[in-house]
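Notes to accompany the following structure.
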Amino acid sequence: MDIQRSLFDDFENNDNVVEPKPVKKVQLTGDEARIVELRESLNRHNHNYYVLNQPTISDQEFDRMMRELQDLEQRHPELADPLSPTQRVGSDLSHGFEQVRHERPMMSLSNSYSIEEVQDFLRRAKDGLGSEPVEIVGEMKYDGTSISLTYENGRLVRAVTRGDGVRGDDVTANAITIRSIPLQLPQGLDYPAKFEVRGEILMPWASFERLNKERAFNEEPLFANPRNAAAGTLKLLNSAEVARRGLDAYFYFLLGENLPYRTHTQAMEALRSWGFKTAHTQVLESIDAVSSFIEFWDKERKTLPVATDGLVFKLNDMRQWQRLGATAKSPRWAIAYKFAPERECTKLKFVSYEVGRTGVITPVANLEPVLLSGTIVKRASLHNEDIIRQLDIHDGDMLYVEKGGEIIPKIVGVELKQREPGAKPLEFVTHCPVCGTPLQRVEGEAAWVCPNKWGCPPQITGRIEHFVARHAMNIDGIGEEVAVQLHESGLVNNIADLYDLTIDKLLKLDRFQRRSAERIMRGIEQSKQVPFERVVYALSIQFVGETTAKVLARNTHNIDRLMEMPAKELASFPEIGPKIAQSIVEFFSIDSNRDIVERLRWAGVQMALSEQELADRTTKLEGKKIVISGVFAKHSREEYKAMIEHNGGKNVSSISKATSFILAGENMGPSKLEKAQKLGIEIINEDQFLDMLENASE
Ligand code: AMP
Ligand code: ZN
């Protein structure tokens with residue numbers, strides 16, 4: 001593809017104004033009319049809340065309408081719409097990503113680091129335009145991952161990542177869960193029949209902190225910054241998890257054929273009026289205005305809810321974009337200005353060591369307090385021994401701490417000039433700082449762990465806290481303090497002991513109130529109804545997070561099969577690799593863990609999928625690998641995926657010799673069709689598929 005023929009080809013004919021589309025007035029009746037009405041009004045309230053930050057109804061009222069819509073849609077599967085506001089919650093079923101070619105390549109921007117470089121850029125632009133005057137606009141450079149959205153007739157049809165600039169991944173299923181992305185534009189506005197918007201998918205600071213806190217608790221690797229977190233989240237296979245993580249999106253380009261806008265500011269104004277969250281775009285009259293803009297935002301950006309790593313300056317006149325064109329990598333009519341990350345040098349007082357729930361030891365640098373990006377930094381994680389070696393940290397060193405796009409302060413280096421003569425390289429602890437057991441190095445990894453899993457207090461209380469957590473057994477009233485108290489008193493040494501608690505035993509604890517004791521006992525009683533998949537998660541098997549636990553529960557059906565399953569079989573389930581499989585086998589090879597399971601079972605905790613969950617399952621598609629392609633009329637794609645999995649089949653994303661058949665709707669992708677024909681793989685339509693499920697024997 002000719003990269004030079006870039007996005008500005010399309011602004012040629014800009015006197016072709018798009019007429020507002022007349023609102024279709026079709027007479028709808030009853031439920032259908034109500035569905036349309038609810039969808040429109042939920043979309044509007046969604047925009048008020050997530051784009052304008054000005055909700056006009058209460059959360060309860062919003063939820064009530066959402067529930068009503070869900071009910072109606074359930075009763076009328078024929079009226080399903082993949083862009084209905086009810087679809088924003090995503091799905092637990094994994095979907096692969098199809099590679100899509102961008103209609104116009106997605107380029108990056110050249111960088112500048114000083115006002116002089118911005119001036120050079122402007123001079124070059126003016127020269128290129130034969131000294132024609134230029135108007136410059138400034139906006140934030142959002143630090144996330146770029147996205148291209150295509151709309152046809154006001155409906156979102158595709159969301160594609162930048163990829164290599166020429167091809168990207170189709171992440172529509174995930175983009176739909178981002179509440180500030182309009183799915184269906186309001187009727188009657190003057191948007192073109194087809195257009196593309198580009199912008200940035202971001203993880204707001206608040207979501208980022210919540211996510212990392214959760215990951216720290218689960219001892220999963222933390223995201224270094226919101227950019228990595230946003231990019232990682234957008235590529236998750238589980239859109240329900242994407243929905244939960246709270247991404248946001250800001251837009252800064254509008255593209256299409258024959259658009260009626262002459263300037264970038266007008267285009268942004270149009271986007272805003274159609275419901276998009278846009279970059280704040282400001283016209284800058286002089287180079288002094290550019291300077292003040294930089295100065296202002298270098299401070300002010302810290303108050304924004306999302307991460308930024310600089311500014312972008314663009315020429316405002318889009319005809320000039322077209323005349324200037326682009327180099328192989330970036331346009332000549334725009335430039336990024338990068339802020340310098342904040343960095344300070346401070347003294348290392350000492351290193352402390354924290355013991356997590358799975359025994360992993362994390363070294364933490366305790367620093368002479370220093371002010372960085374508006375917060376005082378006293379501690380910074382050193383992650384593991386390898387990082388300490390790489391940085392070559394010695395006792396009492398002066399360390400450079402940086403906080404760029406990252407909220408987590410990072411040690412980036414040592415000031416060697418200030419090293420004390422005779423200072424020794426930092427020595428990693430050899431014994432658990434809490435229980436004194438000699439540490440072991442995890443094979444193939446940088447981590448040291450305390451192997452005293454069943455006797456090391458922070459590991460025991462960590463597992464109790466995990467067991468009672470909201471996403472696990474949801475037992476209220478046991479926080480860190482109570483967990484430690486229960487353990488130290490000898491009442492609870494493992495999660496099964498929780499089920500031997502009584503009000504009287506709890507009341508014997510120091511300063512324990514009857515009300516708290518009753519609350520805990522109620523939580524314990526209710527936890528016996530918590531579904532099996534969450535029980536699997538609650539057990540604290542290393543590497544088994546919420547998603548993995550679901551996969552395990554759905555594929556094994558009960559704890560007995562899970563306990564006996566060899567690693568090889570476990571690793572054949574989706575999203576379960578050999579490392580996780582090994583960890584599961586190891587967990588159940590320990591007698592005390594099997595005892596705990598038996599005691600939990602005896603206490604009444606769910607150790608199998610419920611009758612209902614099982615009843616929905618058959619083996620009609622056992623062993624079948626099925627590719628879904630195209631658009632369907634009777635059920636949504638997600639519903640078909642669910643049907644395949646409930647009937648024992650496996651939904652796979654790409655066609656190979658091993659594919660059993662393709663379930664195809666309208667508009668199956670031409671490359672898929674070709675491949676299927678070449679490999680001679682059967683293609684069936686939705687009616688045939690539904691028949692197959694109806695009539696096949698188990
Ligand atoms: P870089 O990846 O550092 O080359 O910077 C280019 C990227 O900046 C683009 O691909 C966009 O994803 C991103 N970006 C963030 N904010 C803006 C903006 N206001 N205008 C254009 N690009 C932006
Ligand atoms: Zn220990």
Exercise for review: Taking the options SER146, SER114, name whichever one is among the polar types (S, T, N, Q), touching a residue at least 12 places away in the same chain (Cβ under 8 Å) and away from ligand 2 (no atom under 16 Å from the Cβ).
Suggested key: SER146
Practice item. Have a look at LYS634, LYS678, LYS641 and point out the one that is among the basic types (Lys, Arg), assigned to a helix (DSSP H, G or I) and in contact (Cβ under 8 Å) with a residue 24 or more places away in the chain. Key: LYS641
Revision key, fill the gap. Of all strands (runs of 3 or more DSSP E) fully inside the range 167-268, the set with 1 or more residues that are of a type in the set (A, V, I, L, M, F, W, C) and over 29 Å from SER653 (Cβ atoms) is 248-255
**Study point:** Enumeration of residues in the range 436-458 that are within 27 Å of GLY490 (Cβ to Cβ) and either within 16 Å of ligand 1 (Cβ to nearest atom) or without any contact (Cβ under 8 Å) to a residue 60 or more places away in the chain (or both)
**Key:** GLY436, THR437, PRO438, GLY455, PRO457
Study note, to complete from the structure: When restricted to ARG534, ARG522, the only residue farther than 14 Å from ALA469 by Cα and either outside the structural domain of ARG601 (by TED's automatic domain parsing) or charged (D, E, K, R) (or both) is ARG522
Study note, to complete from the structure: If we ask which residues in the range 300-345 are under 28 Å from the mean Cα position of the chain (by Cα) and not small (Gly, Ala, Ser), their number turns out to be 16
Exercise for review: Determine which single condition GLU546 fails, assuming it passes every other condition in (1) at pLDDT 90 or above; (2) within 25 Å of SER610 (Cα to Cα).
Suggested key: (1)
Check your understanding: Considering only residues of the range 155-182 that are at pLDDT 95 or above and over 20 Å from ALA230 (Cα atoms), which is farthest from ligand 1 (Cβ to nearest atom)?
Key -> ARG155
**Study point:** Complete set of residues in the range 404-430 that are at pLDDT below 95, among the β-branched types (Val, Ile, Thr) and in a loop (DSSP other than H, G, I, E, B)
**Key:** ILE407, ILE408
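One line per residue, one yes/no per condition, for (1) among the polar types (S, T, N, Q); (2) more than 35 Å from the chain's Cα centre (by Cα); (3) more than 16 Å from ligand 2 (Cβ to nearest atom):
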{"residue": "ASP395", "(1), (2), (3)": "no, yes, yes"}
{"residue": "HIS431", "(1), (2), (3)": "no, yes, no"}
{"residue": "ARG463", "(1), (2), (3)": "no, no, no"}
{"residue": "LEU486", "(1), (2), (3)": "no, yes, yes"}
Practice item. Residues being of a type in the set (A, V, I, L, M) and part of a loop (DSSP other than H, G, I, E, B): count how many of those fall in the range 431-476. Key: 9
Check your understanding: Just one of ASP298, ASP317 is away from ligand 1 (no atom under 12 Å from the Cβ) and touching a Phe, Trp or Tyr at 6+ places or on another chain (Cβ under 6 Å); which is it?
Key -> ASP298
Review point. Out of (1) within 20 Å of LYS505 (Cβ to Cβ); (2) surrounded by 16 or more Cβ atoms within 10 Å (Cβ to Cβ); (3) in contact with a Leu (Cβ under 9 Å, 6 or more places away or on another chain), the odd one out for SER489 is which?
Key: (2)
Practice item. With respect to ALA658, determine if the residue is surrounded by fewer than 19 Cβ atoms within 10 Å (Cβ to Cβ) and modelled with pLDDT of 90 or more. Key: no
Point to revise | Single condition SER291 does not satisfy, out of (1) farther than 27 Å from GLY165 by Cβ; (2) buried (at least 22 other Cβ atoms within 10 Å of the Cβ) | key: (2)
Point to revise | Residues of the range 111-166 satisfying the condition of being assigned to a strand (DSSP E or B) and either polar (S, T, N, Q) or not assigned by TED's automatic domain parsing to the domain that holds TRP274 (or both) | key: ASN111, SER112, THR145, SER146, SER148, THR150, THR161
Review point. Across the range 68-85, which residue is surrounded by the fewest Cβ atoms within 10 Å (Cβ to Cβ) among those that are more than 20 Å from PRO182 (Cα to Cα) and without any contact (Cβ under 8 Å) to a residue 24 or more places away in the chain?
Key: GLN74
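The values are calculated or read from the model by the stated rules, or taken from the named source; none is laboratory data. Predicted model, so just to flag it, every value in this text is computed and none were measured. As a convention, Cβ positions derive from the backbone with ideal geometry for all residues, glycine included, and neighbour counts pool all protein chains shown.
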